[in-house]
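The next block holds one structure in the form of structure tokens; read it before the comments.
The values are calculated or read from the model by the stated rules, or taken from the named source; none is laboratory data. Owing to the predicted nature of the structure, the values given are computational and were not obtained by experimental measurement. Here the Cβ positions follow ideal geometry from the backbone for every residue, glycine too, while neighbour counts run over all protein chains shown. The protein model used for the area step is the full one, side chains on, heavy atoms only, and it has no ligands, DNA or RNA in it. Shrake-Rupley method; radii C 1.70, N 1.55, O 1.52, S 1.80 Å.
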Amino acid sequence: VYLPQKVIPMLPEVLSNGICSLQPDQKRFAKSVYITYDIKGNILGSEFDNSIIQSKKRLTYLEADAILKGSAEGYPGEVVALLKDMETLARAIEKRREKNGMLHLDLPETELVYDDEGRVIDAEPADDCYPHTIIEMFMVEANEAVAGLLDRFEVPFMRRVHPEPDAVTTKNLGRLVRVCGLKVPRHLDRAAMQDLLEAVKDTPMSYAVNMYILRSMQKAEYAPLHIGHFALASTHYCHFTSPIRRYADLLVHRLIDLYVQGRLNKIGPDEVLSEGELIEIGKHITFTELQAADAEKELKTVLILQMLSERVGQDMDVI
């Protein structure tokens with residue numbers, strides 16, 4: 001659970017902040033998805049195995065962004081070269097995924113600004129530099145590859161599902177954007193939503209339209225049901241990349257462990273969770289995820305209102 005200036009870990013801190021945490025020059029056990037791509041970011045093949053990862057450098061997103069924009073002085077050449085390769089690959093993956101219908105909403109998070117005593121003195125949009133997208137693309141690709149593998153073995157597993165919006169909601173969305181003076185087709189499918197997001201990019205309407213599209217969508221949730229992920233335009237999808245902070249990912253890691261051992265096609269029903277058990281666990285972890293997100297949002301709101309209470313009488317341009 002991520003709260004302003006506080007993290008409540010899922011696992012004991014000795015694990016989540018210690019031996020399971022990536023730290024420069026420290027060897028760490030991992031499960032890896034090795035994906036081979038062509039020059040256009042299309043997948044040629046993938047392999048899954050236990051691995052050891054040794055981080056070369058710990059960078060913030062802004063530090064990585066500065067390197068990609070040419071401020072690489074003082075950083076090892078291999079780190080700079082790898083970052084540039086990562087950007088090239090991520091842009092190819094992003095282009096392919098957008099062509100397939102992936103939706104990208106432009107809704108920056110709110111970042112709180114603190115003074116030396118930890119009090120909130122301002123709030124601003126969080127940075128959304130490209131290294132965020134690099135990591136997002138790589139995580140989505142790994143997650144999708146793992147879900148595709150598990151589907152081939154026809155084993156029940158915890159998916160991340162995102163149903164299509166219903167007809168009434170998309171009709172209301174169409175009415176709203178027409179009031180804004182935008183032309184949209186009668187049936188707002190994923191491609192029409194992509195066109196709409198592109199049309200409002202960098203305009204005063206952008207925030208409102210992005211927010212309304214977000215609100216028109218159903219919420220993503222955890223379940224073993226094979227219904228795909230609408231916003232990512234993904235047929236097979238699960239969460240695999242954060243086993244120290246999400247329980248769904250830990251469940252998936254256990255199945256990958258069986259695969260690596262060569263046992264995934266030989267296991268008995270008592271060795272894996274049934275679909276019924278996964279449905280119940282999915283309801284629980286979806287609920288706790290929403291609770292965590294609501295707690296973060298509410299606490300941010302309280303802190304912002306406390307900060308604004310000292311500015312009564314001032315005029316500000318805000319959303």
* Asked: Say a paramagnetic label sat at a point 7 Å from the Cα of Ile8, along Cα to Cβ; which residues of region 240-261 have their backbone N under 20 Å from it?
  -> 243-250
* Distance in nm between pseudo-label sites at Ala72 and Lys297 (7 Å out along the Cβ direction from Cα) -> 4.1
* Selection from Pro24, Tyr114, Tyr259, by position along the positive dipole direction of the chain (Cβ) -> Tyr259
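Give the ranking of Met158, Met10 by solvent-accessible surface, highest area first, calculated with a 1.4 Å probe.
Details: Met158 5, Met10 80 Å².
Output order, biggest surface exposure first: Met10, Met158.
Could you sort out which of Lys57/Lys95; Lys84/Lys300; Lys27/Lys219; Lys95/Lys300 sit more than 30 Å apart by Cα distance in this structure? Show your work: numbers first, answer last.
Working: Lys57/Lys95 28 Å; Lys84/Lys300 35 Å; Lys27/Lys219 37 Å; Lys95/Lys300 34 Å.
The answer is Lys84/Lys300; Lys27/Lys219; Lys95/Lys300.
Seen from all sides and averaged, what is the projected area of the convex hull of the Cα atoms in region 1-141, in nm²?
Values: hull surface 45.2 nm².
Mean projected area for region 1-141: 11.3 nm², to one decimal.
How much length would be gained if the chain were fully extended between Ser51 and Glu98, taking 0.36 nm per residue of separation minus their Cα-Cα distance, in nm to one decimal?
On the way: separation 47, 0.36 × 47 = 16.92 nm, distance 3.09 nm.
Net length gain for the segment: 13.8 nm.
Please report, as a whole percent, how much of the solvent-accessible surface of the chain comes from carbon and sulfur atoms (probe radius 1.4 Å). Can you show the working numbers first?
Working: 10540 of 19940 Å².
Ligands and nucleic acids excluded, carbon and sulfur reach 53 percent.
Work out the length of the dipole vector of the chain about its Cα centre, built from +1 on the beta-carbon of each Lys and Arg and -1 on the beta-carbon of each Asp and Glu, and round it to the nearest 20 debye.
Working: 37 positive and 49 negative charges, 184 e Å.
Dipole magnitude for the chain comes out near 880 debye.
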* Compare Leu112, Leu308, Leu107 by solvent-accessible area with a 1.4 Å probe and give them largest first, with all protein chains kept in place. => Leu308, Leu107, Leu112
* **Separation in nanometres of the label points that stand 7 Å from Cα toward Cβ, at Glu136 and Ala208** => 2.4
* To do: Find how many whole Å separate the alpha carbon centroid of region 81-134 from the alpha carbon centroid of region 1-25.
  => 21
* Loop chymotrypsin sites (Phe, Trp or Tyr not before Pro), region 125-208 (other Cβ atoms within 10 Å of the site Cβ: 14 or fewer; DSSP) -> Phe153
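For the chain, with every protein chain kept in place, what is the accessible area per residue (1.4 Å probe, Å²)? Write out the running numbers ahead of the final one.
Details: 19940 Å² over 319 residues.
For the chain, the solvent-accessible area averages 63 Å² per residue.
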* Toward the positive end of the charge dipole of region 159-302, about the Cα centre and with charges on Cβ (Lys, Arg +1; Asp, Glu -1), which of Leu225, Ala191, Thr235 goes farthest? -> Ala191
* Asked: FRET efficiency for Val260 and Ala126, Cβ-Cβ distance as r, R0 = 30 Å, nearest 0.05?
  -> 0.25
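How long is the gain from Ile267 to Glu310 if the chain were fully straight, where each residue apart is worth 0.36 nm and the alpha carbon distance is subtracted? Before the final figure, lay out the partial values.
Values: separation 43, 0.36 × 43 = 15.48 nm, distance 6.24 nm.
Gain on extension, Ile267 to Glu310, equals 9.2 nm.
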* Could you grab the relative contact order for the chain? Cα pairs under 8 Å, six or more apart, rounded to a whole percent. => 20
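Please work out how much length the chain gains when fully extended from Val1 to Leu107, using 0.36 nm per residue of separation minus the C-alpha to C-alpha distance, in nm with one decimal. Please list the in-between numbers first.
Working: separation 106, 0.36 × 106 = 38.16 nm, distance 2.09 nm.
Result for the pair: 36.1 nm of gain on full extension.
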